[in-house]
Amino acid sequence: MNFLEERILKDGVVKEGNVLKVDSFLNHQMDVELFDKMGEEYAKRFAGKKITKILTIEASGIGIAAIVALHFHVPVVFAKKTQSINLDGEMYTAEVESFTHKNVNTIIVSKKFLGPDDHVLIIDDFLANGCALQGLIQIVKQAGAEVAGIGIAIEKGFQSGGRIIRNLGYQLESLAIVEEMDAATKTVRFREQ
Ligand code: 5GP
């Protein structure tokens, strides 16, 4: 079992509706030393890949991506979920259905920060049905950039996202893959990696 799987067993809470709550170390309070270890692991798994930028999505991806970026020495761009007066100029946009909030967001990245010369490592906290990732991939494609790889903290392997993204041919590295979890018995079982 790796460090993230151990932490999930120690501090994760299985909720009804296929939701794993990890707000004590990942989604609300953040254990940046854990994020640092995650960065170290992604650096190993994506060794030899040319990466010029990390792309994530607000809000929970930002903290992880920022610490992971220290291991790649590249800037982090995060897709915004709300239009704001600070977003000027031309933008890439994609529609993303939220697994946790059950609504549809338009995600936005300024054209200033992603272009055809970029090799992008996408980082996010969770992978469920893959909607967030598909939105981010669309944005990279609109920029004419290349998806160099995808790093996820926790993949819920019993939902469809992982299979869809791997079938599209991307190198998807999930540090923990939950094979099954049960809110009644409070158990989590991981896929052997
Ligand atoms: P997807 O787009 O792959 O269906 O869902 C991914 C997004 O939904 C992640 O960015 C994450 O914020 C949220 N998410 C999905 N499943 C869970 C879960 O079990 N627990 C938490 N905390 N967030 C989740």
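For the stretch 97-109, backbone phi angles converted through the Karplus equation (6.51, -1.76, 1.60; θ = phi - 60°) give residue-by-residue couplings of 8, 8, 5, 7, 9, 6, 10, 10, 10, 8, 9, 9, 10 Hz, Gly and Pro being listed as x.
Computed from label points 7 Å out along Cα-Cβ, the spacing between Ser160 and Asn2 is 2.6 nm. The residue among Ala128, Ala184, Thr106 whose Cα reaches farthest toward the positive pole of the charge dipole of the chain, with charges on the beta-carbon of Lys, Arg, Asp and Glu, is Thr106. Among 97-108, 128-139, sorting by the average number of other beta carbon atoms lying within 10 angstrom of each residue, highest first, gives 128-139, 97-108. Among the GluC sites (Glu not before Pro) found in the stretch 1-46, those both in a DSSP coil and sparsely packed, with 11 or fewer other Cβ atoms within 10 Å of their Cβ, are Glu16.
Pairs exceeding 21 Å between alpha-carbon atoms, taken from Lys37/Lys141; Lys10/Lys37; Lys80/Lys102; Lys21/Lys49; Lys10/Lys156: Lys37/Lys141; Lys21/Lys49. Label point of Val104 set 7 angstrom out along Cα-Cβ; within the stretch 53-83, amide nitrogens under 19 Å from it belong to 80-83.
Taking the DSSP beta bridges with both ends in the chain, the antiparallel portion is around 40 percent. Under 5 Å from the amide H of Leu127 lie the amide H atoms of Ile154, Glu155, Lys156, each residue being 5 or more positions distant or on a separate chain, with H modelled from the backbone and absent for Pro and chain starts. Note on Thr82 and Val19: with the Förster distance fixed at 22 Å, the Cβ-Cβ geometry gives a FRET efficiency of about 0.40.
Note on Gln142 and Tyr170: the model spin-label points, each 7 Å out from Cα along the C-beta direction, lie 1.5 nm apart.
Counting only the backbone N, which residues of the stretch 101-136 are under 11 Å from the spot 7 Å out from the Cα of Glu90 toward its beta-carbon? Only 111-112 pass the distance filter. Here the extension length gained between Asn129 and His28 equals 34.2 nm, from 0.36 nm per residue of separation less the Cα-Cα distance.
Ordered by packing density, taken as the mean number of other Cβ atoms within 10 Å over each peptide's residues, highest first, how do 183-190, 154-161, 46-53, 24-31 rank?
154-161, 24-31, 46-53, 183-190
Partner aspartates and glutamates whose Cα lies under 16 Å from the Cα of Lys15, excluding those fewer than 8 positions away in the same chain, are identified as Asp23, Glu155, Glu179, Glu180, Asp182. Kirkwood-type hydrodynamic radius, the chain: 16.9 Å, calculated from all non-identical alpha-carbon pairs. Close amide-amide hydrogen proximity is noted between Asp118 and Glu146, each under 5 Å apart and 5 or more residues distant or on a separate chain (H modeled in the peptide plane; Pro and chain starts excluded). When only the Cβ of Lys, Arg, Asp and Glu is charged (+1, +1, -1, -1), the dipole of the chain relative to its Cα centre reaches about 280 debye.
Where a number appears in this text, it was derived from the coordinates with a stated rule and is not lab data. Bear in mind that the values here come from a model prediction, so they are computed numbers and not experimental data. Using ideal geometry, Cβ is built from the backbone for each residue, glycine included, and neighbour counts are taken over all protein chains shown.
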